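Encoded as C-alpha cells, the structure appears first; notes follow it.
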Amino acid sequence: MNPAICVVLLSVAFGQEQAASDRAASAPLFGVRGTVLDVDAKPHAGAQVRLILERERGACLADETRTDDHGRFSTKGWITSELEEEGPWRLEVRAANRATSVLDHLIGGSRFYDVGTIFLFEPVDVSGVVLDEIGRPVAGAKIYSAPGEATWSRHDASRQPVVCESDASGRFRFRSLPPGQTKLGVEALGFADYTVQADLSSAPGANILEMRLENERLLTGVVVDSRGIPIPGAVVEAQASPFWRRASETDAEGRFEVRGLSAYWLPSWRVRALGFGSFESHEFLPASRQVVLQSSRRIGILALRDGAGDPPAIRRLTLSDSMHPYWTSPGSVDTGFSNAVSGHRGCRSVKGMGYGEGLS
C-alpha cells in the first residue's frame, strides 16, 4: 500500500474514535434512574443494571452499575443524534435466579429519565412444537428469544445464544424469560426463519406454542470486481424479519449463500467489502448471478487539533472526496472507519446478553 494512503486511512480511524470519544464526553448528559423490586415489592439489592445505546452497526454499553440496598440505581449516557445513526436507549436488569428485565425505546431527549419501578420476575415456562407445512415434526430446530420488543440492531441481536433445540418429536421447552412481551424465533435447515411476538404469562401451562415452518428460499451468487475477479470475504446481508441471523461471507471463489429466506421475501439486500463501494439492491439477482463491486475512491482529510491532552484532541474533522461521495458507504475506506468507535471511552461494545444465564 502506498505509505501516503496508509497515513490517510489511519488518520480516519483515529479521527473517528477521538471525535466519538469527545462527543460522548462533551454531549449533554442523559441520566436514567429507577428502583428495582422483587415481585413481592421488596427492594432487590445488587442487581446488575446496564444502559445500552442501540446503533445500526451494533449496540454499545454506555454505563453499568448495581442497585443499592434500597434497590435504587442511576446510570449515565448522553443525548444522541440521528446524524450519528444512533437509535434509542435500552435498559437491562439482571440478577441471579431471575429473568432479565428489559426496557427498550428509551429516548434520550432530556437530562434525566426516571423509569420508576422495574420488577424482577422468576422465569416462566415456555414450551411448544415445531412443525413443517403439512404438520410433520421438525427435529433439531434452534429456538431463539429476547425479552421486550427486540427491535434493536440486527448486528447486536445476532449475538444471542440458542435457547434450546427441538427434539425428535419437534417439541421444545425452556425457562429463562420474564412474563410479558418477548420475541421468539426458530431456525431449521431447509426452512425459512420464523419469528413471533408473544405475550408470556406466569400462569402454569399458559405458554404453549405451535410454530409452523415453510420451505426456505435461497439467495446465491458470486461477488466480483470490475475485472471479473472473485472477491473473497465480502459481507452479504439480506434484510428480513428474523433478528438472530449473522451476515454471510463469500468464499475464496467469491460465492455466497444466504439461507432461511421466506418464499414471500421482498428483496432488500446489500454487499460490502474492504476497498470497494457497497452494493445495495431491492431486486432479485440477474440470471448471471454476479454482483460487481467498484473500487472505492480515495478521500482527503483535514484535522485541526488544539495541541492539548494526550493524545491531542481533534476539534474538527473534515472528510472530502474529489469524485462521487462513495466514501460514505460502509467498508469503502477501511474497517477502522466504521468500527473504530466501538471501543471508545464512554461506549463499550456489547457482548452476548446471555438471557437466562445463571438460571436453573
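The values are calculated or read from the model by the stated rules, or taken from the named source; none is laboratory data. Nothing here was measured: the structure is a model prediction, and the numbers come from that model. Please note: Cβ atoms are built from the backbone with ideal geometry, for glycine as well, and neighbour counts cover all protein chains shown. Surface accessibility is based on the protein's heavy atoms, side chains included, excluding ligands, DNA and RNA. Shrake-Rupley method; radii C 1.70, N 1.55, O 1.52, S 1.80 Å.
Would you mention how many residues in segment 54-87 are of a type in the set (D, E, K, R) and modelled with pLDDT under 70?
The total comes to 6.
Looking across segment 161-170, the residues that are more than 26 Å from LEU120 (Cα to Cα), assigned to a loop (DSSP other than H, G, I, E, B), open to solvent by 20 Å² or more (accessible area, probe 1.4 Å) and not hydroxyl-bearing (Ser, Thr, Tyr) come down to ASP167, ALA168.
For VAL292, state whether it is at negative phi, modelled with pLDDT of 85 or more and either in a loop (DSSP other than H, G, I, E, B) or open to solvent by 60 Å² or more (accessible area, probe 1.4 Å) (or both). Steps first, answer last, please.
Details: at negative phi: yes; modelled with pLDDT of 85 or more: yes; either in a loop (DSSP other than H, G, I, E, B) or open to solvent by 60 Å² or more (accessible area, probe 1.4 Å) (or both): yes.
So VAL292 passes the test.
Screening segment 247-257 for residues that are assigned to a strand (DSSP E or B) and modelled with pLDDT of 90 or more and picking the one that is nearest to ASP132 (Cα to Cα) gives GLU257. Within segment 209-229, the set of residues being of a type in the set (D, E, K, R) and surrounded by 13 or more Cβ atoms within 10 Å (Cβ to Cβ) comprises ARG212, GLU214, GLU216, ARG217, ASP225. Inside segment 258-280, residues that are open to solvent by less than 40 Å² (accessible area, probe 1.4 Å), under 18 Å from SER226 (Cα atoms) and assigned to a strand (DSSP E or B) make up a count of 2. If you check LEU200 against the conditions, is it surrounded by fewer than 14 Cβ atoms within 10 Å (Cβ to Cβ), among the aliphatic types (A, V, I, L, M) and either in contact with a strand residue (DSSP E or B) (Cβ under 9 Å, 6 or more places away or on another chain) or at pLDDT 90 or above (or both)? Criteria not met by LEU200.
For segment 223-235, does any single residue satisfy the condition of being over 30 Å from ASP167 (Cβ atoms), among the basic types (Lys, Arg) and in a strand (DSSP E or B)? There is no residue in segment 223-235 that is over 30 Å from ASP167 (Cβ atoms), among the basic types (Lys, Arg) and in a strand (DSSP E or B).
Scanning segment 96-128 for residues that are open to solvent by 20 Å² or more (accessible area, probe 1.4 Å), touching a strand residue (DSSP E or B) at 6+ places or on another chain (Cβ under 9 Å) and among the hydrophobic types (A, V, I, L, M, F, W, C) gives VAL102, LEU103, ILE107, PHE112, VAL115, PHE119, PHE121.
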